[in-house]
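Contents: one structure, followed by commentary.
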Amino acid sequence: MKRILFALTFPALFAAPAFADQWDAMREDERISNGLLVVTIGAHIDDTCPTIEARSVASGAYMMGLARHAMSLGYSRDEIRRYVDDEGERERYRQLALRYFAQHGVHSEEDVEGACRVGQMEIDNRSTVGRMLR
């Protein structure tokens, strides 16, 4: 279920090097960049912490909002999907998420307790990440 949810809410995030110039506006747009980082952090918590799961409707609505914003910048749905699916961009966001977790005392992707602690903190703070989790 968690992998399916991740696939649904993280369907098309990133761009190949050949498209680097094409994706600069999305990559540099604060709303899109921060939004995809939020999704990456939430997906990691969902995948790692057995006591916290993603709110599929909230996550889907959040991703649709990011997609609409990208379309307002002139990108088509297909371009957005290609951007989100790019392995290089996914890795870039994964590294950003790992930095976020490290700043919160989680230094390993396998740290279940740390992911749960950060997830609960996000839920308690009612942050954007926290609103996508339960």
- Diagonalise the Cα gyration tensor of segment 89-128 and give the resulting equivalent ellipsoid semi-axes, square root of 5 times each eigenvalue, largest first, whole Å. 18, 13, 8
- From phi via Karplus (6.51, -1.76, 1.60), per-residue ³J(HN,Hα) for segment 64-73 in Hz, x at Gly/Pro: 5, x, 5, 5, 4, 5, 4, 5, 5, 7
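For Arg134 and Arg27, what does the FRET efficiency come to when R0 = 30 Å and r is the distance between their Cβ atoms, rounded to the nearest 0.05?
Efficiency, rounded to the nearest 0.05: 0.50.
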- Whole-number accessible area per residue in Å² for segment 75-134, which is evaluated in the context of all protein chains at 1.4 Å: 60
- Consider all pairwise Cα distances in segment 38-108 and report the whole-number % of them above 22 Å. 31
- Starting from the Cα-Cα distance between Asn34 and Met64, subtract it from 0.36 nm times their residue separation and give me the gain in nm to one decimal. 9.3 nm
- At a 1.4 Å probe, what is the % contribution of carbon and sulfur to the accessible area of segment 43-85? 54
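The values are calculated or read from the model by the stated rules, or taken from the named source; none is laboratory data. What you are looking at is a predicted structure, and each value in this text was computed from that prediction instead of being measured. Note that we place each Cβ from the backbone using ideal geometry, even for glycine, and neighbour counts take in every protein chain shown. Just the protein is used for accessible areas: all its heavy atoms, side chains included, with ligands, DNA and RNA removed. Shrake-Rupley method; radii C 1.70, N 1.55, O 1.52, S 1.80 Å.
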